[in-house]
Amino acid sequence: MPNHLSILGIIHTAISILALLAAILALFNDGKIDPKRTWGKSYILLTIITCVTAFPIMKTGHPTAGHYVGALILVLLPIGIYAKQLRIFGKLADYVQVVVLSTTIFFSCIPAIVETLTRVPISHPVADGPNAPIIQTGLNILVVLFLAGVAYQILKLRAKRKSNKTSEGSVTSG
């Protein structure tokens, strides 16, 4: 059957699920993917392994859009990890980090949605291809969740910056 996964496919899928769980835990615990915190580090490491294990998997015999998404994630991760150290971003570094690392989650979810819906259940998958209406709906929902999540993180970061400026600017009388 074309839906069966290879051993590498099973390993890749398991690691990718763990990466997404680490991302969810990082978002809930820290409000963002923080490369210095445990869940952020776990997400980053597992995502790198997920991308690398995806490259040899070619059910069509040649690279697919999923391979290019994996390569893009591997380019974005160091930018997100080191955004605060890169002078080019200046005062926007915190925002760049949030947007870039959130984008890696978003990109990871695209093949997750497509592959899951075109493979499960094995006997009769929900979707017959990436253009199926249910996949397009899933991807549209993903875009809304991504935009809402990034907006929330940016607003939270902005509020934190304002409160830090207020507390730094306050004068104590003595």
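The values are calculated or read from the model by the stated rules, or taken from the named source; none is laboratory data. Being a predicted model, the structure only gives us computed values, none of them experimental. For neighbour counting, all protein chains shown are included, and Cβ atoms are generated from backbone atoms with ideal geometry for every residue, glycine included.
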Would you say Val114 is touching a residue at least 40 places away in the same chain (Cβ under 8 Å), within 19 Å of Ile73 (Cα to Cα) and of a type in the set (Val, Ile, Thr)? yes
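For the range 79-88, indicate whether the set of residues that are touching a Phe, Trp or Tyr at 6+ places or on another chain (Cβ under 8 Å) and either closer than 24 Å to Gly149 by Cα or not hydroxyl-bearing (Ser, Thr, Tyr) (or both) is non-empty. Break it down stepwise before answering.
First, the residues of the range 79-88 that are touching a Phe, Trp or Tyr at 6+ places or on another chain (Cβ under 8 Å): 83.
Among the residues that remain, those that are also either closer than 24 Å to Gly149 by Cα or not hydroxyl-bearing (Ser, Thr, Tyr) (or both) are: 83.
Checked the range 79-88: at least one residue is touching a Phe, Trp or Tyr at 6+ places or on another chain (Cβ under 8 Å) and either closer than 24 Å to Gly149 by Cα or not hydroxyl-bearing (Ser, Thr, Tyr) (or both).
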The range 33-61, residues that are in contact with a Lys or Arg (Cβ under 9 Å, 6 or more places away or on another chain) and not in a helix (DSSP H, G or I): Asp34, Pro35
Filter the range 80-98 down to residues that are within 23 Å of Leu142 (Cα to Cα) and surrounded by fewer than 17 Cβ atoms within 10 Å (Cβ to Cβ), then give me how many there are. 0
I'd like the full set of residues that are modelled with pLDDT under 95 and farther than 15 Å from Ala65 by Cβ, limited to the range 127-149. Asp128
